[in-house]
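One structure is given here, and the rest of the page talks about it.
The values are calculated or read from the model by the stated rules, or taken from the named source; none is laboratory data. Everything quoted here is computed from the prediction, not taken from an experiment. Glycine also receives a Cβ, built like all others from the backbone with ideal geometry; neighbour counts cover every protein chain displayed. For the accessible areas, the whole protein counts, side chains as well, though only heavy atoms, and no ligand, DNA or RNA atoms are used. Shrake-Rupley method; radii C 1.70, N 1.55, O 1.52, S 1.80 Å.
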Amino acid sequence: MLFCAIWLGIIATAKKKQGDRYFGHWKALGFMFVFFCLDEILSLHEILIINDLRKALHLGGFFYFIWVIPGALFVVVTGLAYLKFLLHLPRKTRDCFLLAGSIYVGGALGMEMVTGYYADAVGQRNLMYGLMTSIEEIMEMVGVIVFIYALLSYIGAYLENIDLRLKIVENQDR
């Protein structure tokens, strides 16, 4: 996700220089991916899984992990805010963005809701729960990989004068 944030920052910088009206969208996406990266590292969304709040609201089943409620709201609001941006993108890029987002959100929210339902009904200390959470994580990773492909394809096809060079030097002291 940090890799995505870096590429989004590069695209945002190039778009700003071009005077593109959507450079802010690229920049905001970059910041979102920094936040997503921090969330993965620090498990920030886990803070929203508060047993007492779940009990007070009488939530369970698909809403067993109650963070999915603000998560779903975030997805809807962001989707609506980015609709014109998505429609402005070249078709291949748009399709890849939508595919990546569908896979990622399907894992992060969809599978989380399914595993929440299962955890509420059966519990979390069993093989099936472990397999379900593994599927969730795999979907998230595949979504990120598709998004990286989309970003790199977009850069290669639509941005000029981006020259990135890596040089690996041998340590002479060995």
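The table that follows gives values for the structure above.
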| item | result |
| --- | --- |
| Residue match in segment 75-90 (condition: of a type in the set (Gly, Ala, Ser), exposed (fewer than 13 other Cβ atoms within 10 Å of the Cβ) and more than 23 Å from TRP7 (Cα to Cα)) | no |
| Search result, residues across segment 63-119 that are polar (S, T, N, Q) and within 27 Å of TYR22 (Cβ to Cβ) | THR78, THR93, SER102 |
| Members of segment 115-174 that are open to solvent by less than 30 Å² (accessible area, probe 1.4 Å), in a loop (DSSP other than H, G, I, E, B) and of a type outside the set (A, V, I, L, M) | GLY123 |
| Residue satisfying condition, being within 20 Å of GLY143 (Cα to Cα) and either of a type in the set (S, T, N, Q) or open to solvent by 50 Å² or more (accessible area, probe 1.4 Å) (or both), within set LEU53, LEU99 | LEU99 |
| Those residues of segment 110-156 which are more than 11 Å from the chain's Cα centre (by Cα) and within 15 Å of VAL75 (Cβ to Cβ), in sequence order | GLY110, MET111, GLU112, MET113 |
